[in-house]
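Structure, as structure tokens:
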Amino acid sequence: MSHKRLAVLVAVLFVFVGLVAGESFAAELKVGVINVQKVLLTCDAGKVAKEKVDAKMKELQETFKKEEEALKALQDEIKKKSSAWSEEKKAEKVREYQKNGRELQVKTDDAKFEMKQLQDKEVEPILKALEKVVEKYGKEKGYSAILEARNGLYFDDSIDITDTIVKKLNESMTAK
């Protein structure tokens, strides 16, 4: 079962239990929501990770920009000069263009994989720290559940604790 489905199921279960158990239980139910994406983008460690990922992305884009320009130049050469070339020369240039295009595609795919690995490497420790912070905060403040905001269809802004969790996460990761 996916993380999102589990979170939605848990949320539905809490609502159902609250309705069945009566108002006294529902009054004791304390639910908070956090936007994990916002946490990752606004916490200090997330900003540093984003800078690293963006720098690598820019570096790779610069590398591919030169190769894309060379491929485009070869394509333009083929368009402009092909009428003056022999069939053999045309075929040779087309094969060269196709070969270079395939090589660029492989490099692009490799770069996408490399970027995914870098993102995972940078985000994983933040998510582990976030999990501990949320668990500790939830227990300290008496929450019955803290859910991911993206999984909810509706929630009142008053139960959004994202900004508080960002502060707690920053404190936790600075203390290490």
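How many residues does region 104-126 hold that are more than 19 Å from Asp54 (Cα to Cα) and free of Cβ contacts under 8 Å to residues at least 24 places away in the same chain? Quick ask: steps written out before the conclusion?
Step one: list which residues in region 104-126 are more than 19 Å from Asp54 (Cα to Cα), which gives 104-106.
This time we only want the ones that are free of Cβ contacts under 8 Å to residues at least 24 places away in the same chain, so: 105-106.
Count: 2.
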- Message: List pairs: first residue in region 165-176 and farther than 18 Å from Gln37 by Cβ, second residue of a type outside the set (D, E, K, R) and buried (at least 20 other Cβ atoms within 10 Å of the Cβ) anywhere in the structure, Cβ distance under 7 angstrom, at least six positions apart or on different chains.
- Response: Ser172/Val133
- Message: Among the residues that make up region 53-70, is at least one of them out of contact with any Ser or Thr (no Cβ under 7 Å at 6 or more places or on another chain), under 30 Å from Tyr143 (Cβ atoms), exposed (fewer than 13 other Cβ atoms within 10 Å of the Cβ) and modelled with pLDDT under 95?
- Response: no
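So is Gly138 surrounded by 12 or more Cβ atoms within 10 Å (Cβ to Cβ) and under 23 Å from the mean Cα position of the chain (by Cα) or not? Outline the logic, then answer.
Values: surrounded by 12 or more Cβ atoms within 10 Å (Cβ to Cβ): yes; under 23 Å from the mean Cα position of the chain (by Cα): no.
In short, no.
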- Item | Neighbours by Cβ (under 7 Å, 6+ apart or cross-chain): first from region 17-46, on the phi < 0 side of the Ramachandran plot and at pLDDT below 95; second polar (S, T, N, Q) and not in a helix (DSSP H, G or I) | Leu29/Ser144; Lys30/Ser144; Val31/Ser144
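The values are calculated or read from the model by the stated rules, or taken from the named source; none is laboratory data. The structure displayed is predicted, hence computed values, not measured ones. Positions of Cβ are backbone-derived with ideal geometry, glycine not excepted, and every protein chain shown enters the neighbour counts.
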